[in-house]
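Report on the following structure.
Bear in mind these aren't lab numbers, they're just calculated from the coordinates by the rules spelled out. Since the structure is predicted, the reported quantities are computational estimates derived from the model, not experimental observations. All Cβ positions, glycine included, derive from the backbone under ideal geometry; neighbour counts span all protein chains shown.
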Amino acid sequence: MRRARRIFLTLAVLAAALLSWEFGVGFFKIPAFLLPPPSRILFRLYDGLAGGSLLEHTSVTLQEILVGYVLGCSIGIGLGVLISQFRLVEDLLYPYVIALNSVPKVATAPLVVIWFGYGFESKIVIASLVAFFPLLVNVILGLRSVERDQLALMRSLTASRWQTFRMVQLPNALPAIFAGLEVAIVLSVVGAIVGEFVGAKAGLGYFILFSNAIVDTPGMFAAFIILAVIGSILNQIVKAVGRRVVFWRKQDLVVSAS
Amino acid sequence: MTAPETGASGSLIQARALGRVYQAQRGEPVVALHDLNFEVADGEFVSVVGPSGCGKSTLLNILAGLLGKTSGEVFLRGTPVDGPRRDIGLVFQGPVLLPWRTVLQNALLPIEVQGLDVDKYRLRARELIKMVGLAQFEDKYPFELSGGMQQRNSIVRALVHDPAILLMDEPFGALDAMTREQMNLLLQKIWMEARKTVLFITHSIAEAVFLGDRVIVMSPRPGRIVQTVTVDLPRPRDLDVMTGPEFGDLVRSIRRHLDAQQGLD
C-alpha cells in the first residue's frame, strides 16, 4: 500500500510539473526555441523515433557506450588484479595510474579524436577511458580489503596463492567491483556523448549538436530523454546484476571511488 | 579414521622451552612467551587459561604454524612445526565463515583447498553438520545464522578433514553466556565421539575447568605456565557439575594463582 502511494505521489508530481510547464510556456509566451512545451518534445521524440533518424543515432551511441564500457571495465579489472597481486607491477604502474586519474578524462577527448578519427573508435576509446579508472581503483581497494582472519584461515589450510585469490580475495572484492561498475556505466554514457560532441558523424551527441545548429530545441530535448532512459536502464541492469551476484550484502553497494 | 601417530614420547603436542619475542619497532622487545614446556597426550583435552596478554593466542598460532617461534621446539605428532599443516583443525575467535558460501560449502572448504575428493567428504560433512544441530541449515548462508550457529559451522569446518589435533582459540568468547554453555556441552559431546586431541584456549576459568582433562594456567608478560591442574571430574559432565564443590575448589585454586601473578606484576 505504502509503495503504491509513493508511486502515485511521484507520478502526481510529474503530471503537475508537466502540466504547469505545458501551460506556463503558453501563458508567459516563451518561444519554443528557448523552451518548447512537453507536448512538442514528445511529438518530436515520436516523430524522430518512428520516421526520422533518431533511432539510428540512438543505436550508434548505445553501441559506443556498451563496447567502451565492457572494454574499459575489462582492462580496469585485469590491471587492478595485476597491480594488487604483483608488487612489481604495483611499483611500476600504480604511481602513474594515480597521476593519470587526476586528469579529467573527458578533457582528453579532442586528442583521442585526432588519434582515432571521427568514427566509432574514438568514442569507444573515450567511453572505456572514463570507465577504466573507477574499476581499477575499486578492484584494488576490494582485493586489499580482505579480512585478516580469512587470510589466516586460508593459510592454516595450506591454501595456494591462487586458491586464496579465487576463493577469498576475489569474492571479497565483488561488492567494490560492482560499485565501480555502477559508477562506470554512468561515466561511459558521458564519455560517448563528449566524444560525439568533439567530432562525429552520427550518434545522439552529434544529433544534439546538429539540432542546436538548426535551432531544433525539441529535438535536443528528445535526445536528452533518450539519454536519460538509456542511462537509467543500464544503471538498473548493473544494479540488478550486482544484487544477484553479491547476494550476501543486503545493503546497497557503497560507491567508494569514482 | 585417523591412526594415532604419536611421537617418541607418546604425546601429540609437545613444547620444549618454547619462546616468542616480538621485536618492537622502537623500544624494548616484548617477550610474549617464555620457556613453555608441556605435552598433550593423544585424545586428551587440554585447556589453556590466562588473562589477556598472556600470549595464549600467540601459543596457538605457533602450534598452527601461522607464527614462528623465536626459541625452543614444538612438535605435533612427533614432527617439528615449520608452517601450516593439514593434520590440524583450527577454530578462530570468530567464525570466519565465507559469506558467499552455504553452511555445507563452508564446511567443505578445507577439502577443496587440500584437493581432496569433495564428493567423498560430503557425507562426512553432512554427518558433522547434523551432529552440531545444523541439519536443517545446510543450504543457508552465514548471514541467515545466529552467532552460535556460525561458530558451530566453523567447528564442523575444523573437523571435516578429520585432523588428529583440534586447536581452538577462545572460540566461544564472543557468544552470550547461555549460548556459550550450550556450546561447551556440544564441544564435549563432539570430543567424546570424535576423540580428537584438543588444545582449547580461553580466558574463562569455569569454561577451562568444565571442558579440560587438564588446565594449563598462564600468566601475562612474559607469558609462562604457572600451574597445571588436573581435572578429575567424571565425563560426560553436565552443567550441574559447575555448582558442585569439586568444581568450585578447582576454579578457586586457579583464580588464586592468577591473582597472585597479577599482584607480582
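Data for the structure
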| quantity | calculated |
| --- | --- |
| Kirkwood Rh, Cα atoms: Rg over Rh of region B:120-217 | 0.95 |
| Shielding of A:19-30 by partner chains, average beta-carbon count, 10 Å | 0 |
| Projected label distance in nm at residue A:91 and residue B:256, using a 7 Å step from Cα toward the beta-carbon | 6.0 nm |
| Equivalent ellipsoid, region A:128-257 (semi-axes from 5 times Cα gyration tensor eigenvalues, Å) | 42, 14, 9 |
| Relative contact order (percent, whole number), chain A, Cα cutoff 8 Å, 6+ residue spacing | 26 percent |
| Rg/Rh (Cα only; Kirkwood hydrodynamic radius) as it applies to the protein assembly as shown | 1.16 |
| Approximate shape of chain B as ellipsoid semi-axes (Cα gyration tensor, √5λ), whole Å, largest first | 29, 23, 18 |
| Hull volume in cubic angstrom per residue (convex hull over the Cα atoms of region A:123-180) | 71 Å³ |
| Extension gain (nm, one decimal) between residue A:9 and residue A:232, 0.36 nm per residue minus Cα-Cα | 78.3 nm |
| Measure of compaction for region B:88-135 (Cα Rg per 2.2 N^0.38 Å) | 1.13 |
| Inter-probe distance in nm under a simple model that places probes 7 Å from Cα toward Cβ, at residue A:160 and residue B:139 | 3.2 nm |
| For region A:38-257: span of alpha carbons on each principal axis (Å, largest first) | 69, 38, 21 |
| Residue-averaged beta-carbon neighbours from other chains (10 angstrom radius) around A:147-156 | 6 |
| For region B:43-157, alpha-carbon Rg relative to the globular expectation (2.2 N^0.38 Å, N residues) | 1.20 |
| Residues residue A:70 and residue A:224, FRET efficiency given R0 of 35 Å [Cβ-Cβ distance, rounded to 0.05] | 0.90 |
| Degrees between helix A:54-85 axis and first principal axis of chain A (Cα, 0 to 90, nearest 10) | 20 degrees |
| Average partner coverage of B:65-74, which counts Cβ from other chains inside 10 Å | 1 |
| DSSP-defined beta bridges in the protein assembly as shown - what % are antiparallel, rounded to 5 | 50 percent |
| Angle in degrees between helix A:204-213 and the longest Cα principal axis of chain A, rounded to the nearest 10 | 30 degrees |
| Beta bridge orientation in chain B: antiparallel %, DSSP, nearest 5 | 50 percent |
| Estimated 222 nm signal from helices in the protein assembly as shown, with DSSP H stretches of n ≥ 4 weighted -39500 (n - 2.57), rounded to 500 | -18000 deg cm²/dmol |
| Span-rule helices in chain B, defined as complete DSSP H runs reaching 24 Å or more along the axis (Cα) with Kyte mean at least -0.5 | B:177-194 |
| Inter-probe distance in nm under a simple model that places probes 7 Å from Cα toward Cβ, at residue A:19 and residue A:111 | 5.3 nm |
| Rounded to 10°, Cα long-axis angle of helix A:170-198 versus longest principal axis of chain A | 40 degrees |
| Rule-of-thumb Rg ratio for region A:1-98 [Cα; 2.2 N^0.38 Å; N residues] | 1.91 |
| Ranked packing of B:249-255, A:11-17, A:82-88, A:94-100, most packed first, by mean Cβ within 10 Å | B:249-255, A:82-88, A:94-100, A:11-17 |
| Gaussian network model of chain A, springs between alpha carbon atoms under 10 Å - residue of A:217, A:61, A:164 with greatest fluctuation | A:164 |
| Residues residue A:170 and residue B:86, FRET efficiency given R0 of 35 Å [Cβ-Cβ distance, rounded to 0.05] | 0.90 |
| Fraction of antiparallel bridges per DSSP, region B:109-265 only, in percent to nearest 5 | 55 percent |
